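The values are calculated or read from the model by the stated rules, or taken from the named source; none is laboratory data. Since the structure is predicted, the reported quantities are computational estimates derived from the model, not experimental observations. Positions of Cβ are backbone-derived with ideal geometry, glycine not excepted, and every protein chain shown enters the neighbour counts. For the accessible areas, the whole protein counts, side chains as well, though only heavy atoms, and no ligand, DNA or RNA atoms are used. Shrake-Rupley method; radii C 1.70, N 1.55, O 1.52, S 1.80 Å.
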Amino acid sequence: MTIGNLAPKKEKKSRKSKGVIDENAPLLPKGQEDVVFDEFNGASFTGAVFNLSTTIVGAGIMALPATMKVLGLVLGISMIIFMAFLTEASIELILRFSRAGKSASYGGLMGEAFGKYGKVLLQISVLVNNLGVLIVYMIIIGDVLSGTSSSGVHHAGVLEGWFGEHWWTGRAIILLVTTLGIFAPLSCFKRIDSLSFTSALSVALAVVFLVITVGITVVKLFNGSIAMPRLLPDVTDVSSFFKLFTVVPVLVTAYICHYNVHSIHNELEDSTQIRGVVQTSLALCSSVYIMTSLFGFLLFGDGTLDDVLANFDTNLGIPYSSVLNDAVRVSYAAHLMLVFPIVFFPLRLNLDGLLFPSARPLVLDNMRFALVTVGLISVIFLGANFIPSIWDAFQFTGATAAVCLGFIFPAAITLKDRHNIATKKDKILSVFMIVLAVFSNVVAIYSDAYALFKNSSRRE
């Protein structure tokens, strides 16, 4: 995968020699370009890779093994690789047009191409996507640590399994402690580079989950308890054919990181390194995705659930099964806790830009920074506690917003081509991305709605 030299030649100097870093123009260009931070000399290549990788690898990793159940191993792994290339192409378009228009943010780029309403549409899409994602993250953390009940059956959480059922192992208390002790402190950083260490740790925790899954699969392969998985999709009629397209929003969501690319690019010590940052991050995440999908599907086969984490709630049929189940669930919960602030960063900037478009930079106004941060965390906390069925809404709103951010907006900017720099190949690619995104999303939403309607009819 390659990305061209996206930064202007004059930016090849180290930012140490400039003494200026534009840290506040990640998504919304509103005058932050003039902010000076002499004590910050720019983000390192490694830190940028971990931050972008953490943006990519969120809860989507747990849904990927289920895509193998729909597509089969060969087509499924091929689609993961294909979507990585397509994601890189869309990021390349964003950065190339940003350079041409001197836009320091995704919102600024949309505003340049489509005016005020284009920027507002981008802001709303990021709000819908990131708010939905963070509420789902908190719900999953609550389910893993405190437990959950569905269809009258209670599935004990890790803490309930260890210490029994107490008031302090309840969902609300666990999420309150997690919010005050982890989410709030990590969300108070004003530079995304400040989260590079926690991002590295979150990637390591995702690798821990992968290593445990691979280990369990290898043990079961040796004892002959794993059947041969399907290599190709099982297409028997028109309905099963259209079902293949329902995995596209899942794959797009798994790679969505476009809303943080400008933030990371703007803070790089050497901004020409964005090419290597994107390449390395996508290669790392694609490897993790392929391994997780392969071994997750090998382990559970056609019994793979939509969220593979739920498969680790049963006896795995090997020694120390309960210990391994707990290790998988705890490492994943910890991973989501550390992903939270990376996704929260652009959410806060976009909400502030939407509410206070003419105000001075957010990082220079401590009161506004605190109020927006506390308000958003409170909404997420309340949503996770009182709207446990948000997952269904997330399938509709989150996936749709992610497809817009990842494909439709970059393609629309390219087709608009205000600077006459788009090639014929760029425009063909853009049309393909829009058609794929719209068609697959319509099919996915129809399939989900039909499934919900069918299930409700059965209950009646």
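From Gly101, Gly107, which residue is surrounded by 21 or more Cβ atoms within 10 Å (Cβ to Cβ) and not charged (D, E, K, R)? Show your work before the answer.
Working: Gly101 fails: surrounded by 21 or more Cβ atoms within 10 Å (Cβ to Cβ).
After ruling out the rest, the residue left standing is Gly107.
Name, by its number, the condition in (1) open to solvent by 40 Å² or more (accessible area, probe 1.4 Å); (2) within 22 Å of the chain's Cα centre (by Cα); (3) at pLDDT 85 or above; (4) not basic (Lys, Arg) that does not hold for Met1.
All conditions pass for Met1, except number (3).
State which residue is most open to solvent (accessible area, probe 1.4 Å) when the search covers only the range 115-145 and only residues that are closer than 17 Å to Tyr259 by Cβ and more than 17 Å from the chain's Cα centre (by Cα).
Leu121
When you check Val218 against the structure, is it open to solvent by 50 Å² or more (accessible area, probe 1.4 Å) and assigned to a helix (DSSP H, G or I), yes or no?
Yes.
Kindly indicate whether any position in the range 79-92 is at pLDDT below 85, of a type outside the set (A, V, I, L, M, F, W, C) and at negative phi.
First pass over the range 79-92, keeping only residues at pLDDT below 85: none.
Checked against the condition, which is being at pLDDT below 85, of a type outside the set (A, V, I, L, M, F, W, C) and at negative phi, the range 79-92 yields no hits at all.
When the range 317-374 is examined, which residues are found to be basic (Lys, Arg), in a helix (DSSP H, G or I) and open to solvent by 10 Å² or more (accessible area, probe 1.4 Å)?
Arg329, Arg368
Mind telling me which of the residues Phe300, Phe381, Phe344, Phe295 ends up being out of contact with any Lys or Arg (no Cβ under 9 Å at 6 or more places or on another chain), closer than 30 Å to Leu232 by Cβ and not polar (S, T, N, Q)?
Phe295
Filter the range 232-241 for residues that are open to solvent by less than 80 Å² (accessible area, probe 1.4 Å) and within 28 Å of the chain's Cα centre (by Cα); which is farthest from Val323 (Cα to Cα)?
Ranking the candidates gives Ser240 first.
Could you please find all residues in the range 265-276 being open to solvent by 10 Å² or more (accessible area, probe 1.4 Å) and part of a helix (DSSP H, G or I)?
His265, Asn266, Thr272, Gln273, Arg275, Gly276
Being more than 20 Å from Tyr106 (Cα to Cα) and either assigned to a loop (DSSP other than H, G, I, E, B) or under 22 Å from the mean Cα position of the chain (by Cα) (or both) is the filter here, so list the residues in the range 414-434 that pass it.
Hit for the range 414-434 is Thr423, nothing else.
Please verify whether the range 61-74 includes one or more residues that are at pLDDT 90 or above, in a helix (DSSP H, G or I) and touching a Pro at 6+ places or on another chain (Cβ under 9 Å). Write out each step before concluding.
Pass one, the range 61-74, residues at pLDDT 90 or above: none.
No: the range 61-74 contains no residue that is at pLDDT 90 or above, in a helix (DSSP H, G or I) and touching a Pro at 6+ places or on another chain (Cβ under 9 Å).
For the range 175-196, which residues satisfy the criterion of being touching a residue at least 12 places away in the same chain (Cβ under 8 Å) and either in a loop (DSSP other than H, G, I, E, B) or open to solvent by 20 Å² or more (accessible area, probe 1.4 Å) (or both)? I'd like the intermediate steps shown before the answer.
Filtering the range 175-196 down to residues touching a residue at least 12 places away in the same chain (Cβ under 8 Å) leaves 175-176, 178-179, 182-184, 186-193, 195-196.
Scanning the range 175-196 gives Leu176, Ile182, Ala184, Leu186, Ser187, Cys188, Phe189, Lys190, Arg191, Asp193, Ser196.
Which count do you get for residues in the range 198-215 that are without any contact (Cβ under 8 Å) to a residue 60 or more places away in the chain and open to solvent by 60 Å² or more (accessible area, probe 1.4 Å)?
1
What is the residue count in the range 307-316 for residues that are in a loop (DSSP other than H, G, I, E, B) and open to solvent by 40 Å² or more (accessible area, probe 1.4 Å)?
The number of residues fulfilling the criteria is 3.
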